[in-house]
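Let me begin by presenting the structure, written as structure tokens, before commenting on it.
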Amino acid sequence: MIKIIRIDESRKNDINIPNEPFSLWGKMIPTYDGHNWAYTIEKFPEDQVREMVFPDENYDFNARKEDSFFVGAYDASGRCIGLAIFKHDWLKYLYLEDLKVYGAYRGQGVGRQLIEEGKKIATENNYRGIYTIGQDNNLSACLFYLKSGFSIGGLNTREYGWTNQAEKSNIYFYLG
């Protein structure tokens with residue numbers, strides 16, 4: 001059984017669980033008609049599917065505890081197997097800055113449980129909801145957000161310009 005716990009000083013080291021690889025198997029292509037967002041999916045050919053892993057963060061609990069909420073997912077042995085970091089924002093939406101779940105636990109509802117706790121945090125802090133950003137080539141993450149009740153609310157095609165990842169864009173997702 002998975003237990004969702006807001007991380008405090010006693011569990012502060014849990015905010016630095018390592019990132020694990022995920023598959024890049026397609027791309028989400030959002031479109032906007034002036035009123036509504038839609039999307040199509042482009043699946044990559046088999047020979048272009050690859051794995052990616054983000055560099056591990058080195059979050060400082062004490063430096064971030066005033067502007068962030070840390071939520072952990074713990075397995076039956078008490079090990080942190082998932083993490084969500086929600087950050088205060090000037091918008092009327094709480095920002096989901098980071099969401100990760102160990103590979104062995106993906107597809108079991110852990111990410112959704114973390115988001116459910118984020119919804120409680122948003123309500124407690126008078127936010128309209130939650131927003132987050134997904135890279136268009138992380139199709140699994142983008143589809144996860146949509147399945148979790150988020151909707152597309154924006155696209156930034158310039159964020160990665162002039163980097164070695166210039167071919168990707170950020171999709172903004174909103175819940176609430």
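Readers should treat all values here as calculations from the given coordinates under stated rules, not as data from a laboratory. All values derive from a computational prediction rather than experimental measurement. Glycine gets a Cβ as well: all are built from the backbone with ideal geometry, and neighbour counts include every protein chain shown.
Using Cβ counts within 10 Å as a stand-in for footprinting exposure, how do Asp136, Asp33, Asp8 rank, fewest first? Working shown, then result.
Values: Asp136 22, Asp33 7, Asp8 10.
Ascending number of Cβ neighbours within 10 Å: Asp33, Asp8, Asp136.
Quick check on the exposure proxy: order His35, His88 from fewest to most C-beta atoms within 10 angstrom.
Numbers: His35 5, His88 14.
Lowest to highest Cβ neighbour count: His35, His88.
What number, in percent, do you get for the relative contact order of the stretch 3-175 if the mean sequence gap of Cα pairs under 8 Å and at least 6 apart is divided by its residue count?
On the way: 317 pairs, mean separation 36.7, N = 173.
With pairs under 8 Å counted, the relative contact order is 21 percent.
Would you mind classifying the stretch 70-169 by shape? Square roots of the alpha carbon gyration tensor eigenvalues, ordered a ≥ b ≥ c; an a/c under 1.5 is rounded, otherwise it is prolate if a/b is larger than b/c and oblate if not.
Working: a/c = 2.01, a/b = 1.27, b/c = 1.59.
Judged from the Cα gyration tensor, the stretch 70-169 comes out oblate (a/c at least 1.5, b/c at or above a/b).
Along the Cα-to-Cβ line of Lys120, 7 Å from the Cα, sits a label point; which residues in the stretch 1-29 have backbone N less than 16 Å from it?
Under cut-off, by backbone N: 2-8.
Quick one: order Met52, Met28, Met1 by neighbouring beta-carbon count within 10 Å, fewest to most.
Working: Met52 12, Met28 23, Met1 5.
So the residues, fewest neighbours to most, are Met1, Met52, Met28.
If the cut-off is a Cα-Cα distance under 17 Å, which lysines reach Lys147, setting aside same-chain residues fewer than 8 apart in sequence?
By straight Cα distance, Lys147 reaches Lys27, Lys100, Lys119.
May I ask for the net charge around Ala104, where only other residues with Cβ less than 12 Å from the Cβ of Ala104 are counted and Lys, Arg are +1 while Asp, Glu are -1? Intermediate values should be presented prior to the final figure.
Values: positive: Arg79, Arg106; negative: Glu20, Asp75.
For residues surrounding Ala104, the net value is 0.
Return the percentage of antiparallel bridges among DSSP beta bridges fully within the stretch 3-175, rounded to the nearest 5 %.
Working: 38 of 42 bridges.
So the antiparallel bridges in the stretch 3-175 amount to around 90 percent.
Based on DSSP H runs of at least 4 residues, each adding -39500 (n - 2.57), what is the mean residue ellipticity at 222 nm of the chain after dividing by all its residues, to the nearest 500 deg cm²/dmol? Walk me through the numbers before you get to the answer.
On the way: 3 runs with 28 residues, N = 176.
Rounded to the nearest 500, it is -4500 deg cm²/dmol.
Please give the Cα centre distance for the stretch 18-38 versus the stretch 97-145, rounded to the nearest Å.
Their Cα centres are 14 Å away from one another.
Can you spot the aspartates and glutamates whose alpha carbon is less than 15 Å from Lys3's alpha carbon? Ignore those fewer than 8 places along the same chain.
Result set, ordered by chain and number: Asp14, Asp75, Glu116, Glu117.
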